[in-house]
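Here is the structure we will look at, set down as structure tokens.
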């Protein structure tokens, strides 16, 4: 039993991934020396309601996600289909309204934002959430 537990714990710790990961990473770096990579994406919420006639969605922000940090966001379906969204500035608690810019988002799609490596939001604004107002009706 101890042997099985130690084998399982080694497999779950991910140590085996690191040995082969360095070789794959080196190959990727060599292949894409001239390419500019997009910043990694961070999941910040999910679409809970879609209104295609009015061209907007309602986004529920995950508690751990913090503030959006940008007005430009995207949705990704489980099949990998993406849609471009832009925040309208309206919010109620953890729910935000976003206009559909491109694509056909659906309920349950994840909402993502690109990380900016600490250099500020991609659109250059330092505090876009300041224009958002609470709706109290």
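So the values come out like this:
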{"read-out": "Extension reserve of the residue 77-residue 51 stretch, reckoned as 0.36 nm per residue once the Cα distance is removed", "value": "7.7 nm"}
{"read-out": "Linear extension gain, residue 42 paired with residue 63, 0.36 nm per residue minus alpha-carbon span", "value": "6.2 nm"}
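Read-outs: derived from the displayed coordinates by stated rules, not from any lab. Everything numeric in this text was worked out from a predicted model, so none of it was measured.
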